[in-house]
Amino acid sequence: MRRRPVAEWRLLARAPASRAIVIVLLGLTAFGAFNGAQRLDEERDEIQAALAADRESFAGRRAALVELEAGRTEEGQFGSPRKAHQAILGARRPLMPSPAELPVISAFSPRPTPSLLPVGILTRHSDQQAGLEDPTNRLDGPFDLIFVTTWLLPLFALVLGCDVLSGDRERGRAALLASQGTPLGAIVISRLVVRYLVLAVPTALIVAATVVVMEWEQMPAALPALVAWLMAFGLYLAFWFALAGSVNAVARSTASAAIFLLSLWVAVAVVVPSLAGAIVSGIAPPPDRLQGILAFRDIEADLNRRRDEVTDAYYAASPENRPIVQGDEYEEYFVTELYPRQLAFDERFAPVTDAMEDARIRQARLLRIAGLASPTLAFTLLSRDLAGEAPERRRAFYAAADEYQRRWRQHFDHKLASMRPLTVLDYDGKPEFSVSPEPVPARWKRTVLPLLALGLSAAGAVFFGVRLARRATPFGGPLHAGG
Amino acid sequence: MFALVARRELLLQLRDGRLRVALALLLGVLIAACAAGWVQFERSMQEKGSFEDGARDQWLTQGERHPHRAAHYGTYVTMPEFGLAFFDPGLRPVAGQTLWLEAHSRPAFANVPIQDDQTLSLGPTTVSGSAVLQLLGGLLALVMGAVAVSSDRESGVLRQVLAQGCSIRNWLIGKTLGLAAILAIPLGAAGVVIIGGAVAISPESVRADAALRALFLVLGNGLLLWVLLAVGVTLSSCLRSTRVALTAALAVWIGVFVLAPRAASALAEVAAPTPTLSAYRTAVIGAFNDGFDGRGGYAAQLEALETETVQRYGVESLADLPIGFSGIRMQHMDAWSAEVDDREFARLESIYASQQRVRMTIAAFAPYIAARAVSRGLAGTDWAHYRHFLTAAERYRRNMGGQMNALIEERLAGEVWEMDGTDEDWATVSPLRYTSPSVGWALGRMATPLALLLAWATLVVGVCLTLAARRLRP
């Protein structure tokens, strides 16, 4: 009995079709890993370049201010490091979210949480352009590890597993097999286990190697996520092989088994997630961007109409910020008009953006529940979450960015609004952005439901599959159990 | 003779309960997807209509402000859709739906639905009428073809038929035509829904165009199903058993429908990488500041403009000008921005074109990619249509900016900047009137995928069936 898997492995290794399937899958997995790694490298390069440019820019301004204060240079009309409305008002600082655990498994574009967010006194991060990628490419979706493991791998599993017993029945060998003393059920299970290992082990190794290479510097955070993902992956693949076993137990021909299994793939991987999506979208609609834009413009136009009132209100609340010099028309506009208006705007627009973030999170929560209906959906959601695409992470980042913007404004508020000259201390004491990782319980709470859904699906399918396989007969059909 | 074979095949297939169930399922899913698409389309039209009205109203009633700030406040327009978008929404989920028309910047489609709606990216493809017809109809065509010949060979029917004097070639053609008649059932039903829907949903002025688009769309999908059927029949004839033929057909389906589209896009991106947004913006700013093709950057141009304007008006300095120099400056800045934008955007477009060539090269082996491009093109939801609207919107934006700059030039004198325009001034900017391109234009833009699909449907199918007739042994 113990030798059976070894014998099955040898048989499988000898079949050219099986070898070809495994080689093709490994090639595709490697290509998916390459795409994810390339995308991540590009993002990291972009972040490094933005950070370097930010450092250089502020160091340059500070050095210019030192020169100016020492009397070695003269102040020009524009670009003065001493005037906050020239040096700081338009400046944007690059903010990064806390690193995701397994970003390399996804090349999804546009990323739901931007990898880089420019924030300054006048920025509004409510309307980011998605990127320049050809929309036709975006529609097809990325060829990444999530695509390979979620949608392609089950198809390969079904192709490898569709004839574990039905092929023998078709060739008339099933009765002979059954007469050898080993129950057909045991044969089916050992064949499936061998095929499972043949697909799971190399794929898992490629994913793990990619994660280790790309996330080496933050392995302590990535490791638990990698373990959780591998566990989910194992359960997900087990579900599909268990389905193949169940169908083989009853199918009389490979053709019927293959068609039935492909229909199941279409149902579980395409139809159910789409249906679930439609239902969830009905119960928890996505944030209405168009209404968001109209609200944005309404507030903007209203504040513009009441601009004098807004300016008066600001200086009445902060009399110490009244300008100490009479500015020119540009300064009057940017400092005494636009700046107070921006503060008033953000206060009024914040509930709209909060409602939009809430809508995203509500939808994500419902989708996680819907994952109970389809292991593909559960696995997709789990993978994307570990890749850093959960809306909760986006909200946490945007909240941190808002808080940073508040501190940034507060730091320069007095000098900017009163048009007092900046000093080196203002530059040296400027606030820096830091975002702490999500609290561990909140972070892992999100993965419980998809993992549970995968565990239940796999356990149910394996239980059902083993039960049917044990009753398998040389002729097919569960009613023939026991001969 | 083959007409007889085709009739017999049609009757036999219709008697097959499994096929009837498969057809009923396909039709059910197709109708459900079309109905969902219809509801989505209507809702989208309503939302866009009310959004555009709101944005126009906001432009008209923005109150007093500087015309240049009004140009920055700008306005919004949304991508108009043809009625056929209910069947094939194409790029809708992934391309932005709105364009913000503001001063200095070429608009870019923003507010991408897939960014906000997580339910749109749950499957390997977006579910729509066209996806159902192409993916599931394609699967049915391949499976029917793969089973057709080998099952008759294995059961001995083929031997009997040939013994009655029917040639293999005639039998094969007849059998393929009979199966094609079966596939015409879901295709015909889809045709009724598509043409009827397109005519019903389109305004009267474009109804004929919509009907023609719908007709070509049905024919395009028909060609895809025909090709897949022929491939299935060839596999069935050339491979030794139904089991092997079916496995091969499923492998073809996975390769063509699941693997090839993403692989094509990924390879296109590898072959011609799209610049990042920040790299693109840096290039635009660089060209604006530093100039190109021997022309100086903006600062040098502004200096020359100042000198030239002072000379033209015969005054001592800009402050003595009888017109508002800031209006002239803004006009020049916008014109220079437009040149820079056109240059950089043309570069981006050439990258898109290179990517399209990679996709079409792969489409030569995977007809689904070509069929999908044809379907989107006819539904008006491909990049060519988005680009057409983008060009019209950009023209409108430049004109709007020009009007605002003219106000500054007319109403001010010298170097003064501050002034206010009123709601009456904003009303002089008429709304964007956009004429959608015709079906002829659309067909012209999809020449390559159309040619590929036609080549598959004629040459490749001919070669396949000839090969099948030669290789087939009873």
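The values are calculated or read from the model by the stated rules, or taken from the named source; none is laboratory data. On a predicted model such as this, the values are computed, not experimentally measured, just so you know. Positions of Cβ are generated from backbone atoms using ideal geometry, with glycine treated the same way; all protein chains shown enter the neighbour counts.
Of the residues B:Ala249, B:Ala198, B:Ala208, which is in a helix (DSSP H, G or I) and within 19 Å of the chain's Cα centre (by Cα)?
Exactly one residue qualifies, and that residue is B:Ala198.
So which of B:Leu212, B:Leu224, B:Leu219 is away from every other protein chain (no Cβ under 14 Å), of a type in the set (A, V, I, L, M, F, W, C) and free of Cβ contacts under 8 Å to residues at least 40 places away in the same chain?
Unique residue meeting the criteria: B:Leu219.
Can you report the number of residues in the stretch B:117-132 which are assigned to a loop (DSSP other than H, G, I, E, B) and more than 8 Å from chain A (Cβ to nearest Cβ)?
Summing the residues that are assigned to a loop (DSSP other than H, G, I, E, B) and more than 8 Å from chain A (Cβ to nearest Cβ) in the stretch B:117-132 gives 1.
Which residues, taken from the stretch B:269-307, are within 30 Å of A:Leu139 (Cα to Cα) and acidic (Asp, Glu)?
Across the stretch B:269-307, the qualifying residue is only B:Glu269.
If you take just the helices (runs of 4 or more DSSP H) that sit entirely in the stretch A:386-483, which of them hold at least 2 residues that are under 21 Å from A:Phe241 (Cα atoms) and either of a type outside the set (D, E, K, R) or in contact with a Leu (Cβ under 7 Å, 6 or more places away or on another chain) (or both)?
A:440-470
Report, by residue number, each residue of the stretch B:364-385 that is among the aromatic types (Phe, Trp, Tyr) and more than 10 Å from chain A (Cβ to nearest Cβ).
Across the stretch B:364-385, the qualifying residues are B:Phe365, B:Tyr368.
Restrict the check to the stretch B:133-143 and report whether at least one residue is modelled with pLDDT of 90 or more, in a strand (DSSP E or B) and either more than 11 Å from every other protein chain (Cβ to nearest Cβ) or within 24 Å of B:Gly377 (Cα to Cα) (or both).
No, that holds for no residue.
Among the residues of the stretch A:362-379, is there at least one that is crowded, with 17+ Cβ neighbours inside 10 Å and not in a helix (DSSP H, G or I)?
yes
Can you find, within the stretch A:243-263, the residue that is surrounded by the most Cβ atoms within 10 Å (Cβ to Cβ) among those that are free of Cβ contacts under 8 Å to residues at least 24 places away in the same chain and more than 8 Å from chain B (Cβ to nearest Cβ)?
A:Phe260
Could we say that B:Leu99 is assigned to a strand (DSSP E or B) and either within 21 Å of the chain's Cα centre (by Cα) or among the hydroxyl-bearing types (Ser, Thr, Tyr) (or both) here?
Judged against the criteria, B:Leu99 is a match.
With a cut-off of at least 2 residues that are in contact with a strand residue (DSSP E or B) (Cβ under 8 Å, 6 or more places away or on another chain), name the helices (runs of 4 or more DSSP H) lying wholly within the stretch A:1-89.
A:16-69
Return yes when A:Asp144 is within 9 Å of chain B (Cβ to nearest Cβ) and among the acidic types (Asp, Glu) and no when it is not.
yes
Would you mind listing the helices (runs of 4 or more DSSP H) fully within the stretch B:252-363 where at least 3 residues are at the interface with chain A (Cβ under 10 Å from one of its Cβ atoms)?
Answer list for the stretch B:252-363: B:260-271, B:277-290, B:325-363.
Is it true that B:Pro93 is crowded, with 23+ Cβ neighbours inside 10 Å and facing another protein chain (nearest Cβ under 10 Å)?
no
Filter the stretch B:364-395 for residues that are out of contact with any Gly (no Cβ under 6 Å at 6 or more places or on another chain) and not in a helix (DSSP H, G or I) and give the result.
Within the stretch B:364-395, B:Ala364, B:Phe365, B:Ala366, B:Gly380 qualify.
Please tell me if A:Thr336 is β-branched (Val, Ile, Thr), more than 26 Å from the chain's Cα centre (by Cα), surrounded by 15 or more Cβ atoms within 10 Å (Cβ to Cβ) and assigned to a helix (DSSP H, G or I).
In short, yes.
Identify, please: which residue in the stretch B:270-328 is among the aliphatic types (A, V, I, L, M) and in contact with a His (Cβ under 8 Å, 6 or more places away or on another chain) and is, among those, surrounded by the most Cβ atoms within 10 Å (Cβ to Cβ)?
For the stretch B:270-328, the residue satisfying everything is B:Leu305.
Anything in the stretch B:99-116 that is facing another protein chain (nearest Cβ under 7 Å) and within 20 Å of B:Gln58 (Cα to Cα)? List them, or say none.
Within the stretch B:99-116, B:Ala110, B:Asn111 qualify.
Sort through A:Arg55, A:Arg72, A:Arg92 and tell me the only one that's surrounded by fewer than 16 Cβ atoms within 10 Å (Cβ to Cβ), charged (D, E, K, R), under 33 Å from the mean Cα position of the chain (by Cα) and farther than 26 Å from B:Trp100 by Cα.
Only one candidate passes the filter, namely A:Arg55.
If I ask for residues that are within 40 Å of the chain's Cα centre (by Cα) and of a type in the set (Phe, Trp, Tyr), which ones from the stretch B:416-432 would you list?
Answer for the stretch B:416-432, where residues must be within 40 Å of the chain's Cα centre (by Cα) and of a type in the set (Phe, Trp, Tyr): just B:Trp426.
Which ranges mark the helices (runs of 4 or more DSSP H) fully within the stretch B:399-474 that have 2 or more residues being at negative phi, surrounded by 19 or more Cβ atoms within 10 Å (Cβ to Cβ) and touching a residue at least 12 places away in the same chain (Cβ under 8 Å)?
Output list reads B:439-445, B:447-455, B:461-471.
Determine if the stretch A:114-135 includes at least one residue that is among the small types (Gly, Ala, Ser), within 13 Å of the chain's Cα centre (by Cα) and part of a loop (DSSP other than H, G, I, E, B).
yes
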